[in-house]
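Undergrad: Take a look at the following structure, please.
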Amino acid sequence: MKISKLACTCLVLAILLFISLGQVVVTTPVEAQKQQVTLTAIVAEPKERWDTLFSDALQKLRQKHPDMDIQVDYRVLPYDATRTQILTAMVGRSPIDLISVDQIWLGEFAEGGFLTDLTERANTWGRENDWYQTNWDGGKYNGKVYGIWAWTDIRAMWYWKDLLNQAGVDPNSLKTWNGYIAGAKSLNDALNGQGIQGMHLVGADHSPDMWYPYLWMLGGEILEQKNGHPTNGTYWFPAYNSTQGVKALEFIKQEIDAGIKPQTNHFWGQEFADKKFAVMLEGSWLLGTFPREQWSNLTQSVGMLPMFSVPNENNKTATMMGGWILSIPETSTNKDLSWELLTIMLQPEVLSTMLQKEGYLPTQKPIGEGPYATQLNTTIPYYKEMIAMIPIGHSRPNIPEYPQIADNIKQAIDEVYFGIKEPKQALDDAALKSAKVLGW
Amino acid sequence: MSSTFVKAEPYFFLAPALAILFVFLIFPLFWNTYISLHDVSLVTILNQWEYIGGTNFLDLFSDPNFYMSLKITLMFVGGSVALQFGIGLLISVLLQQQVRASGVLRAIFIIPWTISAVIAAFSFKFIFDDNFGILNYVLIQLGLQSSGWLSDPNIVIWSLVIANMWYGTPFTILFLTAGLLSINPTIYEAAVIDGATKIRSFIHITLPLLRPFIVINLILITMWSVNFFDIQLIMTGGGPLFSSTTASLYMYRQAFEFGLLSKGAAAGIVLITINLSVAFVYLRFLRR
């Protein structure tokens, strides 16, 4: 009796095993022949933009390769974690097929041998002329293409119209340095009692980013090429402590003297959306801090000056451009397919859908000025004005030493914020450190 | 069984533990030292590493920011250890008294330790925020002056000490409670009979008997405070003006923000030396 029970149990288990194995074996001939490919990616937050982009691009990629079962496994991480994870993966030689690279990381990653040289692929692709020159050059290091700048952002001056009205400040007066300082004082006098500060001033880690436009508008540069480098012959040398740099930092000092407080915590525009500040210099992503349903009426309450204040009306303004570059790591085992996916993601019909949803700015002329521009213009507040800023946008150096140089500049800015040093002394001391970092 | 085998037998049983110790402690220490003696950065990591001897240490000791970080570490560790130990000892002694719901209170006091350090750091970042923080809001409501808790270079380190104190005190409470429970209560009864007051009992009975636990607790909380950088990284990033950059955060920034892995490794060696020195001091002077 016991033996027959055991035999029955074994028989049932054998049948179940046979059925489950049969499920695996009994597949359609086409599915059995499909090559399984999973492309892996590490990208930076926020997630929604990648969901849109990968989903639309993957659909097109699959249509092009019906013989393949292509999946994309992408990890979305916070900014700092993205860089750390990419570096860890590269150093550990983990195969990753696509990464989002901040423009300031490009030189470091390329110099370290982490990125695939895309120059030949980009030449064959033939879309270089579709890109705004600064954005195309931003994906190059030492003359080679290591990434394609996918979308960008600019920094502009945002203000609450009702608060400026209340303080009796004409927005146009903020266009000059003197007007900006006078406006700060009037706004503080009128609004401090309500717990609102007049002007926002960045005191967080990225404070150099908000100082560079003043340097650039005066004709200065962060770094310049110089002969006589001990090992490299000609190499970068700090240029930010020039007379233009000193003048730019003196304006920052004037802001402090006018009662504008540097903010050490940064909430990326949320503090403006929450009406804690009447005026804020912030990136175009600020629009994302407002609910989408408010976008159609936003221009009635929120104004935007497409500029940083200039010393006088004869000066041309400047701004800083950021955004993300798409690159293929050297460890990728599917370089051709990854490149194909990348180019599909950058097709105007694919990318513009995401840009429209998220409010980012294009790096390519077909989207910025072409047929897609109309669509974006009707959806994104101040789109035309932000696009118009791209030609006056500058990008930061993408050399490997840039993080340390930015740290030196931040220290100089902080020393002026806290009244420890005068602008010239602070910049000269910082430039000395930067020169050492650059190997001089 | 041969005598050789019998003598060697304990080492066979120790082998797995020794292997783990070697792989996760000894080897990384030697590897870190190796890195600190070579030129290793994110740019050179995949290439041949050049031996440069003590150059990284020279760079370290010629960097004024490093000395600043050591000074800040002293303030951070000193303040954290004093507060964690003092408050922890007080709470554990009070809970040892015949207090109602002492078990519940102990559980409540342990809560900070169950929270991730990252979450604790973010929470305090928002509490201390100059403009939006609850602390300044309460001060203003009470008619007092608000303060730049995270923006004033003279104050910021103490804001971090408070956050670290909140986070680390539960361990001291737990550890010293275990020590207090090991003390025979009849000793206190005898002391009461002899006319000792509570304070005299505490000074002459509790503290001496608790000494081994105190020494170990101080060693651990000091080492943890020296190595801890989550709170500094998240609350302030080391600013303003490096006034909250401790040596551990300096090491992290060198290695992972600037990509100077060997300089970070050199800073790590210095930190290990500091930790070992502190442990030696505690053991030598407090165990007498």
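Undergrad: So how do A:255, B:50 line up by other beta-carbon neighbours within 10 Å, fewest first? Spell out each step's value before the answer.
TA: On the way: A:255 20, B:50 11.
The fewest-first ordering by Cβ neighbours comes to B:50, A:255.
Undergrad: Of B:271, A:42, A:268, which is farthest towards the positive pole of the protein assembly as shown's charge dipole, taken about the Cα centre with +1 and -1 on the beta-carbons of Lys, Arg and Asp, Glu respectively?
TA: Looking along the dipole axis, the top candidate is B:271.
Undergrad: OK, next. Within a Cβ distance under 15 Å of residue B:89, other residues only, what is the Lys/Arg minus Asp/Glu net charge?
TA: Working: positive: B:106, B:198, B:211; negative: none.
Local charge sum for residue B:89: +3.
Undergrad: Given Cα pairs under 8 Å that are at least 6 residues apart, what percent is the relative contact order of chain B? Before the final figure, lay out the partial values.
TA: Values: 322 pairs, mean separation 82.3, N = 288.
Relative contact order here is 29 percent.
Undergrad: Going by how many other Cβ atoms sit within 10 Å of their own, how do B:193, B:183, B:157 line up, fewest first? Could you put the intermediate results ahead of the total?
TA: On the way: B:193 8, B:183 15, B:157 20.
Going from least to most buried by this count: B:193, B:183, B:157.
Undergrad: Ranking A:200, A:229 by Cβ neighbours within 10 Å, fewest first, what do you get? Can you show the working numbers first?
TA: Numbers: A:200 23, A:229 15.
Starting with the residue having the fewest Cβ neighbours, the order is A:229, A:200.
Undergrad: Now for a separate question. Take the alpha carbon gyration tensor of segment A:240-330, find the square roots of its eigenvalues, order them as a ≥ b ≥ c, and report rounded if a/c is under 1.5; if not, report prolate when a/b exceeds b/c, else oblate.
TA: Details: a/c = 1.75, a/b = 1.23, b/c = 1.43.
The shape class here is oblate.
Undergrad: Just to check, using Stokes-Einstein with a Kirkwood Rh over alpha carbon pairs, what's the diffusion coefficient of segment B:60-286 at 4 °C and 1.567 mPa s in µm²/s? Kindly include the intermediate steps, with their values, before the conclusion.
TA: Numbers: Rh = 19.4 Å.
Estimated via Stokes-Einstein, D reaches 67 µm²/s.
Undergrad: In terms of modelled amide H atoms, which long-range or inter-chain residues lie less than 5 Å from the amide H of residue A:281?
TA: Sorted by chain and number, the residues that satisfy this are A:158, A:200.
Undergrad: Something else about it: Pick from A:416, A:101, A:37 the residue whose mean-square fluctuation is largest in a GNM of chain A, springs joining Cα atoms under 10 Å.
TA: Its mean-square fluctuation being the largest, the pick is A:37.
Undergrad: Once every DSSP H run of n ≥ 4 in chain B is given -39500 (n - 2.57) and the sum is divided by its residues, what mean residue ellipticity at 222 nm do you get, rounded to the nearest 500 deg cm²/dmol? Don't skip to the answer; put the middle values down first.
TA: Values: 14 runs with 200 residues, N = 288.
Value at 222 nm, helices only: -22500 deg cm²/dmol.
Undergrad: Connecting C-alpha atoms closer than 10 Å in a GNM of chain A, tell me which of A:120, A:108, A:221 has the biggest fluctuation.
TA: Among A:120, A:108, A:221, the largest mean-square fluctuation in the Gaussian network model of chain A belongs to A:120.
Undergrad: Against the longest alpha carbon principal axis of chain A, how many degrees, from 0 to 90 and to the nearest 10, is the axis of helix A:177-191 turned?
TA: With both axes taken from Cα atoms, the answer is about 80 degrees.
Undergrad: Follow-up question, since we're still on this one. Sum -39500 (n - 2.57) across every DSSP H segment of at least 4 residues in chain A, then divide by the residue count to get the 222 nm mean residue ellipticity, nearest 500.
TA: -14000 deg cm²/dmol
Undergrad: Let me ask another. Apply the Karplus curve 6.51 cos²θ - 1.76 cosθ + 1.60, θ = phi - 60°, to the phi angles in segment B:210-225 and return the couplings in whole Hz, x for Gly and Pro.
TA: Taking θ as phi minus 60°, the curve returns 8, 3, x, 5, 4, 4, 5, 4, 5, 4, 5, 5, 5, 4, 5, 5 Hz for segment B:210-225.
Undergrad: Between residue A:39 and residues 5 or more places away or on another chain, which pairs have amide H atoms under 5 Å apart, with H built 1.01 Å from N, and which residues are they?
TA: Answer set, sorted by chain and number: A:71, A:72, A:73.
Undergrad: Could you state the per residue volume, in Å³, of the convex hull enclosing the Cα atoms of segment B:52-110?
TA: Working: hull volume 6.4 nm³, N = 59.
Spelled out: Cα convex hull of segment B:52-110, divided by residues, is 109 Å³.
Undergrad: A further question follows. Over chain A, what is the relative contact order in percent, taking alpha-carbon pairs closer than 8 angstrom and at least six residues apart? Working shown, then result.
TA: Details: 704 pairs, mean separation 106.7, N = 440.
Relative contact order for chain A comes out at 24 percent.
Undergrad: Counting only residues 5 or more places away or on other chains, whose amide H sits under 5 Å from the amide H of residue A:151 once H atoms are built in the peptide plane?
TA: It is A:324, by chain and number.
Undergrad: Per the Cauchy relation, a quarter of the hull surface: what is the mean projected area of the convex hull of the alpha carbons in segment A:343-440, in nm²? The partial results should precede the final answer.
TA: Values: hull surface 36.8 nm².
For segment A:343-440, averaging the hull's shadow over all directions gives 9.2 nm².
Undergrad: For segment A:302-307, what does the Karplus curve 6.51 cos²θ - 1.76 cosθ + 1.60, with θ = phi - 60°, yield as ³J(HN,Hα) per residue in whole Hz, taken in order and with x for Gly and Pro?
TA: Values, residue by residue: 10, x, 9, 9, x, 5 Hz.
Undergrad: Divide, for the protein assembly as shown, the radius of gyration over alpha carbons by 2.2 N^0.38 Å, where N is the residue count. Please report the intermediate quantities before stating the final value.
TA: Values: Rg = 30.9 Å, N = 728, 2.2 N^0.38 = 26.9 Å.
In units of the 2.2 N^0.38 Å rule of thumb, it is 1.15.
Undergrad: GluC sites (Glu not before Pro) within segment A:275-384: which are DSSP loop residues with at most 10 other Cβ atoms inside 10 Å? Walk me through the intermediate numbers first.
TA: Working: sites: A:282, A:293, A:313, A:330, A:340, A:349, A:358, A:369; in loops: A:313, A:330, A:369.
Here the sparse-neighbourhood loop sites are A:313.
Undergrad: Next question. Based on the Cβ-Cβ distance from residue A:10 to residue B:101, what FRET efficiency comes out when R0 is 60 Å, to the nearest 0.05?
TA: 0.55
Bear in mind that the values in this text are calculations on the coordinates, not laboratory data. Since this is a predicted model, take the numbers as computed values, not measurements. Using ideal geometry, Cβ is built from the backbone for each residue, glycine included, and neighbour counts are taken over all protein chains shown.
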